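Single-structure report; data block below.
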Amino acid sequence: MQIIGAQRERGKATQVIMAEKGLYKGGALVNFNADERQALWDRVQGKVGRPVPKGHKKDKAEWLKPGLVGWVKTLKGEEKLRHARLLDFREDDTNRRA
């Protein structure tokens, strides 16, 4: 799934916003250790600038340009993410040319 945004609010759990094939799927909590979390934020900062997706408030998230994908653990059999947790992330290399 693509990571399309990140929400970081003081006093609340941090989460990434996920989409699949351009369709919003929900949020996943980020429970990484400090080093992994910093690596994620370093990548996020390089990708901020995507237009706000329809139906979302601008002030609630940092919207990202395409390029990050994440693996999540979630409840099976659900169309949208529920009780999801981000397990790992990487750069999406499917759009790169050889």
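The values are calculated or read from the model by the stated rules, or taken from the named source; none is laboratory data. For clarity, every value in this text was computed on a predicted model and none was experimentally measured. So basically every Cβ, Gly included, is an ideal-geometry build from the backbone, and we count neighbours across all protein chains shown.
Here are some notes:
- Index of the failed condition, Ala13 passing every other in (1) at pLDDT below 85; (2) buried (at least 18 other Cβ atoms within 10 Å of the Cβ): (2)
- Residues that are surrounded by 10 or more Cβ atoms within 10 Å (Cβ to Cβ), out of contact with any Lys or Arg (no Cβ under 7 Å at 6 or more places or on another chain) and modelled with pLDDT under 90, drawn from the range 71-89: Glu78, Arg82, His83
- Considering residues of the range 21-36 that are of a type in the set (Gly, Ala, Ser) and more than 11 Å from the chain's Cα centre (by Cα) only, the residue farthest from Glu91 (Cα to Cα): Ala34
- Residue within the range 59-67 that is loosely packed, with under 14 Cβ neighbours inside 10 Å, touching a residue at least 40 places away in the same chain (Cβ under 8 Å) and of a type in the set (Lys, Arg) present: yes
- Ala39 vs. criteria under 14 Å from Phe89 (Cα atoms) and assigned to a strand (DSSP E or B): no
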